[in-house]
Structure formats: C-alpha cells, structure tokens
Amino acid sequence: MADKTKIEWTEATWNPITGCSVTSPGCASCYAMLLAGTRLAGHPSRAGLTRDTKAGPVWTGEVRLNEGWLAQPLKWKRPRMIFVCAHADLFHENVPDAWIDRVFAVMALAPQHTFQVLTKRSPRMRAYMNDPATRDRIDAVMDEIAPAHWHTRELEDFGSWPLPHVWLGVSTEDQRRADERVPDLLATPAAVRWVSAEPLIEAVDFERITVRVPGEPGGFHHYVNALTGGVYDDENGTIDGAYGDAPSPRLAWVVVGGESGRGARAMHPQWARDIRDQCDRSGTAFFFKQWGLIAPLAGALPVNLAPPPGSLVAWPDGTVGGGSAAENGGEGVALFRAAKSLVGRLLDGVDHSAMPGPV
C-alpha cells in the first residue's frame, strides 16, 4: 500500500488483499507477481503467494486479507484517487464474498476518495454487484468496522447503489478478452465503467462490442454499443441514445499501455492509435499510459528493407516482427527496447491524459 504511486492514472494504491493466479495472456509479465516472488517475498503480505519457476515467480492462487491495511483510506483525509488491490484481483475466485464486503464497506465509508477497481474476473464482479443481498451485507460490515462518527446506519445515506465514487473496470489485453469481459462490465451496476487495455498485445476494436438486452416477452432484443451507449434494434438496425428510461451503459474511460518488464511484448503504434480514434468518435475519455519496454524512439527512421540491428518493426499490416517491407505491406517503423524515461508517454506527440466523468 502506498499513499503515492508511479501509476500515471491514479494517486495512491491500497492493497487490503494480496495474491492472485495467472488467468490470461496479459498476466505473463505481471509486476505484482514478480515483486511478490522477489523483493517482497519475505513480507508477511506476500510470503508464500508465489512459487519459483524457470520463467520466474508465478502466483500460487493463494490470496490473503491484510487486516491491518483494511481501514487505511479512512485515515486519509485529503481526497485521493485510489487504485484498489493493485497486487491482487478483488474478484478472484478464491476471495470470499465476506472479504469483498469488507473492502466495499471501507469504500462506502470514505466518500471523499475515488476508488478504481480493476478485474479480469468480470463474471464474478457482475454477479456480486447484481446480487440483491450485497447491499445488506456491506451495511452490516460497516457497523463492525467504522467509528460511530463516520457511520450513518443506512447505506442509502452514502448515495445510490452502486456507490458513486467507485469506478469498476476490466482488463482487456486482446480482442478475445475484450469481447468476453466488456459485456459483463456493461451489465454490472457502476457509477463509472472503464477498461485497462494494458498490456495491449494485439489490436482491439471496442466499437464492435455490444451487450444483448432482452426485450419484453415476445418483443425484439436490443444491443447496446460499448463505446457510444447507442441501442440497436436487431430487427431494423435503428439506433437511439437510451434503453428504457435511463441512459444505456457504456464505457466512460479507456486506458492503453504497452508492456514493460521481463519478456515484454511489443505494442504496435497503430493499435494504440485505433483505440484513441475509437474513443474520439464516441466521446470516451482516453488515457495513454505508456509505450512499455519496446517503443518507437523519437526520430526513428522508417524501415523499407530488413529491421535495423536490435530492433523489431511495426509493419503497416498490423504485425510486429522481422521480415521486409515487401512481405509486410510496405514501409514500417523500427521499435527498440528502451527505458520508459527515454520514450515517454506521448502518442504522435500528444499527451493523452483524459479522465472520465459519471455517465
């Protein structure tokens, strides 16, 4: 846990739960997994949560509730943007509902902060947030952990459900995971819904993602677009801006970043540009976090023939690798391994640091 962090899109991290397991390709170079098995291996919050392998530390699937850190946000009086469970997944299959209830109870008691939750277990988050019993369980836990001057009896006193200062998001490193997780997110009650496309390891088209909304019995089904919130009628393709009496769910924020750390995979610049342009067309806040360990250096020359020594090439056909211009659709751009401090986080010379508002 840290009152400060180097993560560009937040201000602090809070780790009431630690531990996880590898569940999809985006986990391969997890910085939290590496730290838990190296520098923090002897810390009580991390000890035994990883096992050593030839490829480095790997999560065991064991998770841990760090009771001593649970109430930390209640002690932070200055409002902060807080990344929740930066070294875990709050909705991991081995995390009991009772632990999630405790985390949400603390968030409910600290409305001065904005909490950012990110998961790869979108079905679990969807089920938890839609469970009618969730609010009552959280309310009961609030009575147990909060001093009287912080707590009014009814959860409704802290605003509507879902909590207005809690942002819920999913990680989507490739198209398959975006197609799987974003519809779950759209079906999850949340004040702000967001996506972390980091590490971005292939092109992702968010504009093609919709969630199916059943119609009235005997009526037509509808499809809500992830970025625009537009509702499509599957009979005639018409679109409007809402479903029923309330605005339809949509993504408020997309964060994009390349991979860093050992074994980092290259992010094609066009993948990031395409998501930027998708967000621009829909009015979705776009945040470009980093290039990662492999990036086009400032002034890098176009590649017409074979890659320069020590480089990969981002080719116009959307691939990254070796070969030549003739084999890959024309002139490419050389990508080099370089420190983040050297390559910066500009995309086509622009700092993209937009933050969302409620939608």
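Quick rundown of the values:
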read-out: The chain - mean residue ellipticity at 222 nm from DSSP helices (-39,500 (n - 2.57) per run, n ≥ 4, rounded to 500); value: -6000 deg cm²/dmol
read-out: Whole-Hz ³J(HN,Hα) from phi, Karplus 6.51 cos²θ - 1.76 cosθ + 1.60, for the range 16-24, glycine and proline x; value: x, 10, 10, x, 6, 8, 6, 10, 7
read-out: Per-residue HN-Hα couplings for the range 37-47 [Karplus 6.51, -1.76, 1.60; θ = phi - 60°; Hz; x = Gly/Pro]; value: x, 10, 4, 9, 4, x, 6, x, 6, 10, 4
read-out: Dipole of the chain, positive end: most advanced residue of Ser196, Gly48, Trp271 [Cβ charges, Cα centre]; value: Gly48
read-out: Cα gyration tensor shape of the chain, rounded if a/c is under 1.5, else prolate or oblate by comparing a/b with b/c; value: oblate
read-out: Net charge of neighbours whose Cβ lies under 10 Å from the Cβ of Ser122, counting Lys and Arg as +1 and Asp and Glu as -1; value: +4
read-out: Under-5 Å amide H pairs with Val213, H placed in peptide plane, nonlocal only; value: His222, Tyr223, Val224
read-out: Inter-label distance, nm, simple model (7 Å from Cα along the C-beta direction), Leu297/Gln270; value: 2.4
read-out: Sulfur and carbon atoms: percent of accessible area, the range 1-47 [1.4 Å]; value: 60
read-out: For the chain, with +1 on Lys and Arg beta carbons and -1 on Asp and Glu, the positive-most of Gly323, Leu185, Ala12 along the dipole; value: Ala12
read-out: For the chain, share of DSSP beta bridges that run antiparallel, in % to the nearest 5; value: 55
read-out: Placed amide H near Leu335: partners under 5 Å, 5+ positions off or other chain; value: Leu312, Val313, Ala314
read-out: Solvent exposure of the chain as accessible area per residue, Å², 1.4 Å probe; value: 44
read-out: Cβ-defined net charge surrounding Asn225, 10 Å radius [Lys, Arg +1; Asp, Glu -1]; value: +1
read-out: Surrounding net charge for Ser29, when Lys and Arg each add one and Asp and Glu each subtract one, Cβ distance under 12 Å; value: -1
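The values are calculated or read from the model by the stated rules, or taken from the named source; none is laboratory data. None of the values given here were measured: they were computed from a predicted structure. Methodologically, a virtual Cβ is constructed for each residue, glycine included, from the backbone with ideal geometry; neighbour enumeration extends over all protein chains shown. Remember, those area values only see protein heavy atoms, side chains included, never the ligands or the DNA or RNA. Shrake-Rupley method; radii C 1.70, N 1.55, O 1.52, S 1.80 Å.
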